[in-house]
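One structure is given below, encoded as structure tokens.
None of the figures in this text is laboratory data; all of them are computed from the coordinates on show. Computed from a predicted model, the values in this text were never measured in an experiment. All Cβ positions, glycine included, derive from the backbone under ideal geometry; neighbour counts span all protein chains shown.
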Amino acid sequence: MNLHLPDAGATAELGAALALAFPGAASAGVVVHLCGDLGAGKTSCARGLLQALGVASRIRSPTYTLMEIYPTGVATCVHVDLYRLRGGADLEGLGLRDYLSPGHLILIEWPERGEAAVPAADLMVALEDAGSGRGARVQGCSASGEAWMRNLVSDSRLVPYLSNLT
């Protein structure tokens, strides 16, 4: 699914739509890769998702803490930012694999920085600057991710942002 997001508010709305479409993490942890350059909207998207899942506390970018954990009624959300990592060896100390279990949703910004040590994505969200707004490509990468995509496609709130459905 390709989207044109005219502003930061629309990027947060994408995150909220992802939250509403979330199929759950009952049988295994679910992993989302948030990709894009600096300022592309990864944290805005994650913040919109977390707020829509009911996180009422301040949602900080985990750029310096590397990982923030938010319990919600749907799943325990683990928001990770790997920008400052030098490679996959740095990831092992975070204990991220401990969260690859039922009831967990893991949002990973800059997944490429963790190399092969990063868990595979169920859903991939790639954001980029696109003229006056942002472009977003959302892709299911597993059975869970495909279920998420089916739910997302049925969300009529995204209709204004659809530029191409693939």
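Couple of notes before you dig in:
- For the chain, the 222 nm mean residue ellipticity estimated from helices alone, with every DSSP H stretch of n ≥ 4 adding -39500 (n - 2.57) and the total spread over all residues, rounds to -7000 deg cm²/dmol.
- Take every DSSP beta bridge whose two residues both sit in the stretch 2-159; close to 55 percent of them are antiparallel.
- Sites Ala8 and Ala143, calculated FRET efficiency, Cβ-Cβ separation with R0 30 Å, nearest 0.05: 0.40
- For the peptides 71-77, 56-62, the ranking by mean Cβ contacts within 10 Å, running from highest to lowest, is 71-77, 56-62.
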